[in-house]
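Asker: There's a structure below that I have some questions on.
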Amino acid sequence: MFTRLTLCLLPALALIAPAADARDLTVMSFNIRYPSPEDGPDRWETRAPIAIDMIRAQDPDLIGTQELYQRQGDAIVAALPRFRWFGRDRRGAHADEHMGIFYRGDRLRLVRSGDFWLSDTPDQVGSSSWGVDLPRMVNWGMFETREGKPRRFVLFDTHFAHRDTDDEARRKSAELLLSRIPAIAGTLPVIVTGDMNATPDSTAYAAFTARLRDAWTGAATRDGPERTFHAFTGTADRRIDYIFVRDFAPLSARVVTHNRAGRYASDHFPVVATLRPAK
């Protein structure tokens, strides 16, 4: 039964409780490791069921992947049919590595999507600059939530140059990606996932955190090791995988070390963040 005290408290409680239609998002960044026959016991055919079990257990709404080959993406969707995925590969087709974006079709609607290359000619398919040895690119999607009041946001997914000599290329890649956000996302909330091949003391990381929030450092709670690249050993030696956000509040973040008897889904640990729209 409502009392006079209860009625007086209702306005205050309304300010504390989140809106019923403000659904949180769970986002994963995952360098899945391409299917190399040289990986021996860690080849994709061995890792596939581990990766699929890990994704099922984490239950993300979205996954930004790196190094994804089409057959890997198709295998994941075949095993987890609520997911869909999209994206061209680094050369503009489907025979090479993709920055494939997965999303739950029952939870999210893809409004539009696109891509661009990390180069001086970003709209030229397969282009590269700044001395890198392989084309690098960004895949993006604008999404709308299906539950409650529809909310739109944009996810950008990328994979930066990997060599020690590519620090300047990584900085320029970060600046290019950030410069493209206004034209693509406007004022919508933004998520950036990626293997940046850049540690937190790098110029690329500084460029991102000047404009976006690092979901790991900004999360209210964190779980797992901070470092993410472990070369199939289970012991990570550096942090290079990230989720950055704009107009989302990171509620929690975790680095997932799921394995089967010491066999891992990839040579990178996935990063997962639960995000709440900030407005």
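The values are calculated or read from the model by the stated rules, or taken from the named source; none is laboratory data. Predicted, not measured: the structure shown is a model, and the values here were computed from it. Because the Cβ atoms are built from the backbone with ideal geometry, glycine has one as well, and the counts that use them run over all protein chains shown.
Asker: Residues of the stretch 119-140 being of a type outside the set (Ser, Thr, Tyr), over 14 Å from residue 98 (Cα atoms) and touching a residue at least 12 places away in the same chain (Cβ under 8 Å), which ones?
Answerer: 122, 130, 131, 132, 133
Asker: Could you go through the stretch 95-114 and let me know if any residue there is of a type in the set (A, V, I, L, M), closer than 25 Å to residue 165 by Cβ, touching a residue at least 24 places away in the same chain (Cβ under 8 Å) and buried (at least 21 other Cβ atoms within 10 Å of the Cβ).
Answerer: First, pick out the residues of the stretch 95-114 that are of a type in the set (A, V, I, L, M): 95, 99, 101, 108, 110-111.
Among the residues that remain, those that are also closer than 25 Å to residue 165 by Cβ are: 99.
Remaining after also requiring touching a residue at least 24 places away in the same chain (Cβ under 8 Å): 99.
Adding the requirement that they be buried (at least 21 other Cβ atoms within 10 Å of the Cβ) leaves 99.
Yes, because at least one residue in the stretch 95-114 is of a type in the set (A, V, I, L, M), closer than 25 Å to residue 165 by Cβ, touching a residue at least 24 places away in the same chain (Cβ under 8 Å) and buried (at least 21 other Cβ atoms within 10 Å of the Cβ).
Asker: If the Cβ limit is 9 Å and pairs must be 6+ apart or interchain, which residue in the stretch 57-75 that is of a type in the set (A, V, I, L, M) pairs with which residue that is crowded, with 16+ Cβ neighbours inside 10 Å and assigned to a helix (DSSP H, G or I)?
Answerer: Note: pairs meeting the criteria are 63/55; 63/76; 68/76; 75/44; 75/48; 75/51; 75/52.
Asker: Can you find, within the stretch 73-92, the residue that is surrounded by the most Cβ atoms within 10 Å (Cβ to Cβ) among those that are touching a Lys or Arg at 6+ places or on another chain (Cβ under 9 Å) and more than 14 Å from residue 141 (Cβ to Cβ)?
Answerer: Let us first name the residues in the stretch 73-92 that are touching a Lys or Arg at 6+ places or on another chain (Cβ under 9 Å), namely 77, 79-80, 82-84, 90.
Still in the running and more than 14 Å from residue 141 (Cβ to Cβ): 77, 79-80, 82, 90.
Numbers: 77: 16, 79: 15, 80: 14, 82: 12, 90: 23.
So the residue we want is 90.
Asker: Hey, another quick one. Do the conditions hold for residue 195, that is, is it acidic (Asp, Glu), crowded, with 18+ Cβ neighbours inside 10 Å and either within 22 Å of residue 270 (Cα to Cα) or touching a residue at least 40 places away in the same chain (Cβ under 8 Å) (or both)? Before you say what the answer is, go through the steps one by one.
Answerer: Working: acidic (Asp, Glu): yes; crowded, with 18+ Cβ neighbours inside 10 Å: yes; either within 22 Å of residue 270 (Cα to Cα) or touching a residue at least 40 places away in the same chain (Cβ under 8 Å) (or both): yes.
Criteria met by residue 195.
Asker: Here's another thing I want to ask about it. What helices (runs of 4 or more DSSP H), lying completely within the stretch 1-100, carry at least 3 residues that are modelled with pLDDT under 95 and more than 21 Å from residue 155 (Cα to Cα)?
Answerer: Fully inside the stretch 1-100 and qualifying: 4-16.
Asker: Also, quick follow-up: When the residues of the stretch 85-126 are filtered to those that are over 16 Å from the mean Cα position of the chain (by Cα) and among the hydroxyl-bearing types (Ser, Thr, Tyr), which remaining residue is nearest to residue 73 (Cα to Cα)?
Answerer: For the stretch 85-126, the residue satisfying everything is 119.
Asker: In the stretch 228-279, what residues are among the charged types (D, E, K, R), without any contact (Cβ under 8 Å) to a residue 40 or more places away in the chain and crowded, with 17+ Cβ neighbours inside 10 Å?
Answerer: Result: 254, single match.
Asker: Hey, any hits in the stretch 151-172 for a residue that's among the polar types (S, T, N, Q), more than 30 Å from residue 59 (Cα to Cα) and surrounded by fewer than 23 Cβ atoms within 10 Å (Cβ to Cβ)? Explain how you work it out, then say what you get.
Answerer: Taking the stretch 151-172 first, the residues among the polar types (S, T, N, Q) are 158, 165.
Within this subset, residues satisfying the condition of being more than 30 Å from residue 59 (Cα to Cα) are 165.
From the residues that got through so far, the ones that are surrounded by fewer than 23 Cβ atoms within 10 Å (Cβ to Cβ) too are 165.
Taking every residue of the stretch 151-172 in turn, at least one turns out to be among the polar types (S, T, N, Q), more than 30 Å from residue 59 (Cα to Cα) and surrounded by fewer than 23 Cβ atoms within 10 Å (Cβ to Cβ).
Asker: Same structure again: Just checking, which of 185, 198, 169, 161 is closer than 19 Å to residue 99 by Cα, small (Gly, Ala, Ser), modelled with pLDDT of 95 or more and in contact with a strand residue (DSSP E or B) (Cβ under 8 Å, 6 or more places away or on another chain)? I'd like the intermediate steps shown before the answer.
Answerer: Details: 198 fails: in contact with a strand residue (DSSP E or B) (Cβ under 8 Å, 6 or more places away or on another chain); 169 fails: in contact with a strand residue (DSSP E or B) (Cβ under 8 Å, 6 or more places away or on another chain); 161 fails: in contact with a strand residue (DSSP E or B) (Cβ under 8 Å, 6 or more places away or on another chain).
Residue meeting the stated conditions: 185.
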